[in-house]
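Structure, as structure tokens:
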Amino acid sequence: CPRVTGRTRLYGILADPIEHVKTPQVMHALFRERGVDGVLVPMHVVPEDLSRTLDGLRGLQNFGGFIATVPHKGDMLDLCDEITDEATRIGAVNCVRREPDGRMVGTMLDGIGFLEGLRGSGIDVAGRRVLLVGAGGAASAIAFALAGGHAGRLTIANRTVGRARDLADRIAAHYPGLPVAAVGSDEGAGALDLVVNATSLGMRPGDPLPVNPETLGPGQAVAEVIMDPAETPLLAVARSRGCRVHAGLPMLEKQIELMARHMGAIS
Ligand code: NDP
């Protein structure tokens with residue numbers, strides 16, 4: 001636990017629910033390693049209160065910025081005063097810097113964190129046929145990262161198929177050479193090399209699996225965005241069916257330094 005004094009800079013993570021977040025532990029390990037006098041506080045904010053929470057944080061002089069996670073990443077686009085090109089393209093914000101004058105500058109780092117985490121497990125997306133489940137903030141960032149990493153084919157499956165279509169259209173507009181399709185989450189996706197769960201399914205006990213386990217088998221890799229539990233029911237079933245599995249925590253670990261830099265905690 002960091003030692004807090006009057007000089008300590010404050011940072012936050014905004015989420016609803018908040019109990020599952022791993023960011024404070026991971027960020028404090030980085031702060032210790034780099035000698036940063038800072039503390040990152042979990043902040044439980046429901047969507048209706050997001051706008052007035054931001055107004056309050058603008059006035060907090062020793063506040064450096066915050067990480068935004070479920071369900072705030074989309075709403076943050078309109079609430080920030082400035083957003084990076086990356087966040088605009090993806091349509092979501094997951095990290096916000098508070099400037100000394102109170103202006104909020106948002107960016108999006110989920111995609112780069114996911115791709116680098118996968119690379120750390122020796123999984124290269126180049127040329128691979130990928131099923132991405134989900135079309136929210138994390139999924140959008142991952143879709144752009146997969147396209148930028150030269151995936152061979154991308155199928156986006158989501159409960160709300162319209163959101164999957166919208167994401168597929170945005171990917172197609174930026175990466176016209178990549179075959180991309182949108183399906184409902186109950187539809188089959190054909191032959192696949194990599195399945196990515198980018199929904200929140202698996203966070204709560206009793207959640208249904210995000211994909212039909214019968215479509216999984218040896219030769220495939222299955223990657224997760226969920227960090228708690230570390231071994232989700234999807235990863236457990238994928239492992240039992242002979243797939244290579246990749247958990248959610250490396251995605252956060254890989255982007256934590258970039259987040260600290262964006263919030264001005266490290267240079
Ligand atoms: P969003 O709220 O933006 O998107 C949620 C997604 O999950 C949507 O595609 C939504 O589908 C789907 N979903 C939610 N509930 C259900 C359900 N009951 N049945 C089917 N689909 C469902 O959230 P994020 O994209 O920001 O986050 C998603 C997950 O990623 C979270 O668990 C978050 O903790 C994790 N995450 C992990 C990171 C890491 O570093 N490892 C970083 C960022 C996020 P629909 O469109 O139909 O609502």
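Values quoted throughout were computed directly from the atomic coordinates according to the rules given, and no laboratory measurement underlies them. Keep in mind that this is a model prediction, so the values were computed, not measured. Cβ coordinates were reconstructed from backbone atoms using ideal geometry, including for glycine residues, and neighbour counts include every protein chain displayed.
Which of rounded, prolate or oblate describes the stretch 94-164 when judged by the alpha-carbon gyration tensor and an a/c cut-off of 1.5? Don't skip to the answer; put the middle values down first.
Values: a/c = 3.25, a/b = 1.57, b/c = 2.07.
Oblate is the answer for the stretch 94-164, as a/c is 1.5 or above yet b/c matches or exceeds a/b.
What list do you get for Ile13, Ile156, Ile226, Ile123 if you sort them by fewest beta carbons within 10 Å? If you can, show how the numbers build up before the last one.
Details: Ile13 23, Ile156 31, Ile226 26, Ile123 16.
Final ranking by Cβ density, sparse to dense: Ile123, Ile13, Ile226, Ile156.
First select every other residue whose beta carbon is under 12 angstrom from the beta carbon of Ser51; then total the charges, Lys and Arg +1, Asp and Glu -1. Don't skip to the end; give the middle numbers.
On the way: positive: Arg52, Arg58; negative: Glu48, Asp49, Asp55, Asp75, Asp78.
Spelling it out: positives minus negatives among the neighbours equals -3.
Grab the other residues whose beta carbon is less than 13 angstrom from that of Tyr11, score K and R as +1, D and E as -1, and report the net.
Summing Lys/Arg as +1 and Asp/Glu as -1 gives +3.
Work out, step by step, the length gained on full extension between Glu187 and Ala173: first 0.36 nm times the residue separation, then minus their alpha carbon distance; give nm to one decimal.
Numbers: separation 14, 0.36 × 14 = 5.04 nm, distance 2.40 nm.
Between Glu187 and Ala173, full extension yields 2.6 nm more.
Can you tell me what share of the DSSP beta bridges in the chain is antiparallel? A percent to the nearest 5 is fine.
Details: 8 of 43 bridges.
Counting only bridges with both partners in the chain, antiparallel ones make up about 20 percent.
How high is the relative contact order of the chain, given as a whole-number percent (alpha carbon pairs under 8 Å, six or more residues apart)?
Relative contact order here is 16 percent.
Out of all DSSP beta bridges in the stretch 9-108, what portion is antiparallel? Express it as a percent rounded to 5. Each step should come with its number before you reach the end.
Values: 7 of 21 bridges.
Of the beta bridges lying entirely in the stretch 9-108, close to 35 percent run antiparallel.
Can you check what the net charge comes to around Ala139, using other residues whose Cβ is under 15 Å from the Cβ of Ala139 (Lys, Arg +1; Asp, Glu -1)? Don't skip to the end; give the middle numbers.
On the way: positive: Lys73, Arg89, Arg159, Arg163, Arg165, Arg170; negative: Asp110, Asp166, Asp169, Glu224.
Here the charged neighbours net out to +2.
Tell me, how many Å apart are the Cα centres for the stretch 1-79 and for the stretch 204-267?
23
How far is helix 161-174 tilted, in degrees, relative to the longest principal axis of the Cα atoms in the chain, given as a value from 0 to 90 rounded to the nearest 10?
Its long axis makes an angle of about 80 degrees.
In 5 Å bins starting at 0, how do the alpha-carbon pair distances of the stretch 9-108 split up by percent?
Taking all Cα pairs of the stretch 9-108, the binned fractions are 3, 14, 24, 24, 21, 11, 2, 0 percent.
Measuring from label point to label point, each 7 Å out along Cα→Cβ, what is the Arg103 to Asp37 span in nm?
Placing both labels 7 Å beyond Cα along the Cβ direction yields 2.8 nm.
If you take every DSSP beta bridge whose two residues both sit in the stretch 111-251, what share of them, in percent to the nearest 5, is antiparallel? Please report the intermediate quantities before stating the final value.
Working: 1 of 22 bridges.
Around 5 percent antiparallel, to the nearest 5.
Using Cα atoms only, what is the angle between the long axis of helix 23-34 and the major principal axis of the chain, expressed in degrees (0 to 90) to the nearest 10?
It is inclined by approximately 60 degrees.
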